[in-house]
Structure formats: structure tokens, C-alpha cells
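Accompanying notes for the structure given below.
The values are calculated or read from the model by the stated rules, or taken from the named source; none is laboratory data. Given the structure is predicted, the values throughout are model-derived calculations rather than measurements. Positions of Cβ are backbone-derived with ideal geometry, glycine not excepted, and every protein chain shown enters the neighbour counts. What goes into the accessible areas is simple: the full protein's heavy atoms, side chains included, and nothing from ligands, DNA or RNA. Shrake-Rupley method; radii C 1.70, N 1.55, O 1.52, S 1.80 Å.
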Amino acid sequence: MMFERRAAMATLLANRPNNLFVVPGLGSCTWDAFAAGDDDRNFYLWGAMGGAAMIGLGLALAKPNVRVAVITGDGEMLMGLGSLATIGVQRPNNLAIVVFDNGLYGETGMQASHTQSVVDLLAVARGCGIERVMEIEDEAGLRELAGLLATSECTLFARVRILPDDPPRVLPEKDGIVIKERVQRAAEKVG
Amino acid sequence: MNATSDRDPKPWQDQLFDVLKGADIRQVGYVPDAGHSRLIARCKADPEICDVVLTTEEEGVAMAAGAWLGGQRSALLMQSSGVGNCVNMLSLIRACRFPMLMLVTMRGEWEEFNPWQVPMGSIVEPTLKLCDTHVAKVEQPEQVMPAVQNALQLAFGDDRAAAVLLSQKLIGRKVWVK
């Protein structure tokens with residue numbers, strides 16, 4: 001099934017454990033994460049396209065007690081496709097990458113992305129050696145994924161097919177220094 | 001010095017490891033280069049340092065930001081050609097004032113056999129400066145440690161990007177025929 005993106009984000013972040021940090025990819029995923037509830041543990045991205053997964057990797061390696069969910073779009077993931085190979089080599093058990101895939105570049109006028117034709121991100125993730133690779137088929141699968149963000153014992157990659165909708169923008173804090181310091185303080189608290 | 005090759009270990013390469021270790025660098029991202037091979041091997045052998053081989057250098061910029069969010073210091077090792085790959089991702093460092101230490105082995109500037117290395121090699125310094133990165137260029141072995149110490153201070157003391165460019169004069173010419 002295809003999910004409404006805001007509802008899917010809300011399901012993933014409902015009952016979020018204290019140690020779950022989120023790196024939302026620039027654009028729609030950042031708006032979705034903010035819409036689900038502003039949180040010091042969100043490292044909102046307003047740029048750095050292609051870098052979300054690697055920011056997640058750096059944080060996951062630095063803080064084994066923290067759980068990291070990179071939640072990004074297909075266009076952002078495609079720009080950093082090589083990072084899946086890098087993550088496949090490292091495989092930290094506290095890192096999950098979730099791609100909201102609508103096959104579109106949403107922020108720029110809904111142009112078709114590579115995943116709309118032949119590119120299969122699950123096959124790429126599998127080929128990069130990521131241990132658990134999931135297609136989210138229904139609401140039960142989405143709730144299972146939400147649980148795994150807190151408990152998975154291996155690196156996880158999940159594709160959530162989303163509708164090509166374009167919900168109203170809700171904009172979080174834009175000052176990068178403020179966003180950084182909020183996340184750092186929250187990470188220190190986890191220990 | 002010109003007769004040495006980039007495969008011969010140099011004393012400054014071990015000193016460089018000691019400086020990074022002493023500065024509590026815990027994540028080291030790299031795209032391999034012969035001039036960094038000794039340092040990469042030392043990092044891989046150290047259980048306290050997480051060595052991360054990258055597919056492209058900009059991954060290491062993003063990783064450094066994530067590491068710092070989690071309270072760890074990191075370094076990015078690359079060849080001069082990799083600097084061009086980092087340009088947009090360095091926006092993240094400037095927008096959020098992350099510390100970013102880069103150690104760059106130069107190509108395309110001295111006894112270079114491969115002319116395709118020259119275009120990027122010749123613009124590394126202005127490119128990094130345009131990206132708001134402090135740049136120190138080192139040509140003599142005794143300059144390596146002070147330059148790296150200073151870059152560490154700039155990066156982690158002032159929350160900004162700092163790069164040390166290690167000249168081809170320091171590394172020796174690339175071995176082309178085995």
C-alpha cells in the first residue's frame with residue numbers, strides 16, 4: 001500500500017523511546033518530522049543533500065546507546081547512494097535508514113526520480129550488505145518498523161512507499177547552530 | 001627527497017598518528033591515498049579508532065557532523081582530488097559550525113606524472129578557502145606536526161573547518177611501474 005507521508009511519520013515516531021534520534025532528510029521529511037512534534041532529538045536538515053545517511057552513521061558509531069533513524073526521501077537517498085556501501089561495511093546495530101519513496105523530487109515540482117522507473121532501493125541496500133531490508137506493506141508493517149527503530153539488533157533499511165501528496169509546509173528551527181546544540185545536549189543526556 | 005616514493009614510510013606519518021590519537025580522534029573517514037596509507041594502517045590497527053572507508057569524500061564531511069552530534073572527534077583523510085567532491089557538503093559544516101579536520105595529500109603539483117591530476121590539484125587551496133576552511137600547506141617534514149596541531153586547535157577550539165595540505169614534495173613521487 002501507499003501511505004500518507006505525515007501519517008506514516010507520526011506512526012514511526014509515536015511512543016518514541018528516549019534514546020531514539022532522528023535525522024530527517026532535507027525538504028519534506030524534515031517538515032514531516034517537525035509536524036509529528038518538535039523534538040530536541042531531531043537533527044532537521046535544510047541542506048546537505050545526500051548526507052543524511054552518513055550523518056546518521058557518524059552519530060550511531062559515536063553513541064552506541066543512542067538509536068538513530070535516518071528518515072529521508074528517494075531523491076536524497078539517490079544522491080548519497082554510495083553511503084549505503086559505506087554503511088554496509090560498518091553495519092552498526094543502532095542505525096536504521098527509512099526511505100519515504102514516492103518516485104518524485106517533491107520540493108522542486110514533482111519531477112520523476114530514478115525509483116519511478118527501474119531503480120530499486122531495496123535491491124541496492126541488499127547488494128550493499130545491509131542485513132535487514134524491509135518493504136513496508138501495510139499499517140501492521142509500519143508499526144512493526146516503529147518498534148524495530150527501538151529494538152533492531154542489526155542495521156536496517158526500509159522502504160515506505162508514500163503517496164505523491166504535498167501537505168502544507170510546517171517549518172522547524174532553521175538556525176543550524178541551534179539545531180546542532182539541541183541534538184548534542186539531548187545526546188549527552190542519554191549517556 | 002625527490003628520489004623517494006609515496007610507498008616508503010616516513011617518520012612524520014607515524015608522528016601524525018600519535019597527534020591524532022593524542023587529540024582523541026575517534027572516527028577516521030578516508031578515501032585511500034598512497035600518501036595516507038601508513039596513517040590508515042595505524043588507524044585500522046587501533047581498536048579505539050573507528051576507521052571508515054568511504055566511496056566519496058563528501059560522505060566523510062557528513063559523518064564528521066554526525067560524530068560531533070554524538071560527542072566524538074573525527075578526521076577526514078583524502079587526496080587533493082577529493083576536495084572538489086566535498087564542496088556542497090561543507091555547507092553543513094559552515095551552517096551549523098561543526099568542527100571539521102581534513103588532511104589532504106596533494107597531487108598535481110610537483111613531479112606529477114599524471115596531467116589529469118593538475119586541474120583539481122591546482123585549485124585545492126582557493127576552493128577550500130571559498131568554503132570557509134582554514135588552510136595550511138606543508139612542504140617540510142618538520143612542519144607537519146605544528147600544522148596539524150594548529151588545525152586541531154582551529155577545528156575543535158573554534159568549531160570550524162581546517163585543512164592541512166601535505167605537499168607532494170613531502171610524500172614523494174607516485175610509483176607507476178612496479
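Got at least one residue in segment B:119-130 being in contact with a helix residue (DSSP H, G or I) (Cβ under 9 Å, 6 or more places away or on another chain) and touching a residue at least 60 places away in the same chain (Cβ under 8 Å)?
No, segment B:119-130 contains no residue that is in contact with a helix residue (DSSP H, G or I) (Cβ under 9 Å, 6 or more places away or on another chain) and touching a residue at least 60 places away in the same chain (Cβ under 8 Å).
What residue, among those in segment B:41-66 that are aliphatic (A, V, I, L, M) and facing another protein chain (nearest Cβ under 10 Å), is most open to solvent (accessible area, probe 1.4 Å)? Working first, answer last.
Of segment B:41-66, the ones aliphatic (A, V, I, L, M) are B:41, B:45, B:49, B:52-54, B:61-65.
Filter once more, so that each one left must be facing another protein chain (nearest Cβ under 10 Å): B:52-54, B:61-65.
Working: B:Val52: 0, B:Val53: 53, B:Leu54: 13, B:Val61: 0, B:Ala62: 1, B:Met63: 2, B:Ala64: 4, B:Ala65: 0 Å².
If we take residues in segment B:41-66 being aliphatic (A, V, I, L, M) and facing another protein chain (nearest Cβ under 10 Å), then B:Val53 is most open to solvent (accessible area, probe 1.4 Å).
Within segment A:44-57, take every residue that is at the interface with chain B (Cβ under 7 Å from one of its Cβ atoms) and among the aliphatic types (A, V, I, L, M) and give me the one that is farthest from the chain's Cα centre (by Cα).
Top of the filtered list is A:Ala48.
Mind checking which residues of segment B:67-93 are open to solvent by 10 Å² or more (accessible area, probe 1.4 Å), farther than 18 Å from A:Leu59 by Cα and either part of a helix (DSSP H, G or I) or out of contact with any strand residue (DSSP E or B) (no Cβ under 9 Å at 6 or more places or on another chain) (or both)?
B:Ser81, B:Gly84, B:Asn85, B:Val87, B:Asn88, B:Ser91 - these are the residues of segment B:67-93 that are open to solvent by 10 Å² or more (accessible area, probe 1.4 Å), farther than 18 Å from A:Leu59 by Cα and either part of a helix (DSSP H, G or I) or out of contact with any strand residue (DSSP E or B) (no Cβ under 9 Å at 6 or more places or on another chain) (or both).
Just checking, does segment A:58-65 include any residue being in contact with a Pro (Cβ under 6 Å, 6 or more places away or on another chain), within 13 Å of chain B (Cβ to nearest Cβ) and open to solvent by less than 30 Å² (accessible area, probe 1.4 Å)?
yes
Can you report the number of residues in segment B:84-114 which are at pLDDT below 95 and out of contact with any Gly (no Cβ under 8 Å at 6 or more places or on another chain)?
3
Taking into account only those residues within segment A:161-191 that are part of a loop (DSSP other than H, G, I, E, B), touching a helix residue (DSSP H, G or I) at 6+ places or on another chain (Cβ under 9 Å) and open to solvent by less than 90 Å² (accessible area, probe 1.4 Å), which is nearest to the other protein chains (Cβ to nearest Cβ)? Walk me through it before giving the result.
Of the residues in segment A:161-191, the ones part of a loop (DSSP other than H, G, I, E, B) are A:163-175, A:191.
From what is left, the residues that are touching a helix residue (DSSP H, G or I) at 6+ places or on another chain (Cβ under 9 Å) are A:163-173, A:175.
Imposing the further condition that a residue be open to solvent by less than 90 Å² (accessible area, probe 1.4 Å) reduces the set to A:163-165, A:167, A:170, A:172-173, A:175.
On the way: A:Leu163: 29, A:Pro164: 27, A:Asp165: 28, A:Pro167: 25, A:Val170: 20, A:Pro172: 14, A:Glu173: 11, A:Asp175: 9 Å.
Restricting to residues being part of a loop (DSSP other than H, G, I, E, B), touching a helix residue (DSSP H, G or I) at 6+ places or on another chain (Cβ under 9 Å) and open to solvent by less than 90 Å² (accessible area, probe 1.4 Å), the top hit is A:Asp175.
Condition test on B:Ala95, is it in contact (Cβ under 8 Å) with a residue 12 or more places away in the chain and within 14 Å of chain A (Cβ to nearest Cβ)?
Values: in contact (Cβ under 8 Å) with a residue 12 or more places away in the chain: no; within 14 Å of chain A (Cβ to nearest Cβ): yes.
Considered against the rule, which asks whether it is in contact (Cβ under 8 Å) with a residue 12 or more places away in the chain and within 14 Å of chain A (Cβ to nearest Cβ), B:Ala95 comes out as no.
Filter segment B:20-40 down to the residues that are among the basic types (Lys, Arg) and part of a helix (DSSP H, G or I), then identify the one that is nearest to the other protein chains (Cβ to nearest Cβ). So that I can check it myself, show each step before the final result.
Initially, segment B:20-40 is screened for residues among the basic types (Lys, Arg), giving B:21, B:26, B:38.
Filter once more, keeping what is part of a helix (DSSP H, G or I): B:21, B:38.
Values: B:Lys21: 17, B:Arg38: 21 Å.
By that ranking, first place goes to B:Lys21.
Return a yes/no flag: does segment A:152-160 have any residue that is open to solvent by 60 Å² or more (accessible area, probe 1.4 Å) and in contact with a Cys (Cβ under 8 Å, 6 or more places away or on another chain).
Checked against the condition, which is being open to solvent by 60 Å² or more (accessible area, probe 1.4 Å) and in contact with a Cys (Cβ under 8 Å, 6 or more places away or on another chain), segment A:152-160 yields no hits at all.
State yes or no: is A:Gly47 part of a loop (DSSP other than H, G, I, E, B), out of contact with any His (no Cβ under 8 Å at 6 or more places or on another chain) and farther than 25 Å from A:Asp138 by Cβ?
Details: part of a loop (DSSP other than H, G, I, E, B): yes; out of contact with any His (no Cβ under 8 Å at 6 or more places or on another chain): yes; farther than 25 Å from A:Asp138 by Cβ: yes.
Answer is yes for this residue.
Only one residue in A:Arg6, A:Arg41 is open to solvent by 10 Å² or more (accessible area, probe 1.4 Å), within 12 Å of chain B (Cβ to nearest Cβ) and touching a helix residue (DSSP H, G or I) at 6+ places or on another chain (Cβ under 8 Å), so which one is that?
Values: A:Arg6 fails: within 12 Å of chain B (Cβ to nearest Cβ).
Exactly one residue qualifies, and that residue is A:Arg41.
Check A:Gly88 against each of (1) touching a strand residue (DSSP E or B) at 6+ places or on another chain (Cβ under 9 Å); (2) open to solvent by less than 10 Å² (accessible area, probe 1.4 Å); (3) of a type in the set (Gly, Ala, Ser) and name the one condition it does not meet.
(1)
I'd like to verify a number: residues in segment A:73-83 that are out of contact with any strand residue (DSSP E or B) (no Cβ under 6 Å at 6 or more places or on another chain), surrounded by 22 or more Cβ atoms within 10 Å (Cβ to Cβ) and either more than 10 Å from chain B (Cβ to nearest Cβ) or part of a helix (DSSP H, G or I) (or both), how many?
Residues of segment A:73-83 that are out of contact with any strand residue (DSSP E or B) (no Cβ under 6 Å at 6 or more places or on another chain), as a first pass: A:76, A:78-83.
Adding the requirement that they be surrounded by 22 or more Cβ atoms within 10 Å (Cβ to Cβ) leaves A:76, A:80, A:83.
After this cut, where a residue has to be either more than 10 Å from chain B (Cβ to nearest Cβ) or part of a helix (DSSP H, G or I) (or both) as well, the list is A:76, A:83.
Here the count works out to 2.
What number of residues within segment A:95-140 satisfy the criterion of being surrounded by 16 or more Cβ atoms within 10 Å (Cβ to Cβ) and out of contact with any Leu (no Cβ under 9 Å at 6 or more places or on another chain)?
Looking only at that region, the number is 7.
Mind listing whichever residues of segment A:10-28 are over 19 Å from A:Thr151 (Cβ atoms) and assigned to a helix (DSSP H, G or I)?
A:Ala10, A:Ser28 - these are the residues of segment A:10-28 that are over 19 Å from A:Thr151 (Cβ atoms) and assigned to a helix (DSSP H, G or I).
From A:Val124, A:Val160, A:Val98, A:Val190, grab the single residue that is in contact (Cβ under 8 Å) with a residue 40 or more places away in the chain, in contact with an Asp or Glu (Cβ under 8 Å, 6 or more places away or on another chain) and β-branched (Val, Ile, Thr). Even if it seems obvious, please write down each step before you answer.
On the way: A:Val124 fails: in contact with an Asp or Glu (Cβ under 8 Å, 6 or more places away or on another chain); A:Val98 fails: in contact with an Asp or Glu (Cβ under 8 Å, 6 or more places away or on another chain); A:Val190 fails: in contact with an Asp or Glu (Cβ under 8 Å, 6 or more places away or on another chain).
One residue alone meets the criteria, A:Val160.
So which residues in segment B:74-92 are touching a Leu at 6+ places or on another chain (Cβ under 9 Å) and at the interface with another protein chain (Cβ under 9 Å from one of its Cβ atoms)?
So the first thing to find is which residues in segment B:74-92 are touching a Leu at 6+ places or on another chain (Cβ under 9 Å), and the list is B:74-78, B:80, B:82-83, B:86-87, B:90, B:92.
Matches in segment B:74-92: B:Ser74, B:Leu92.
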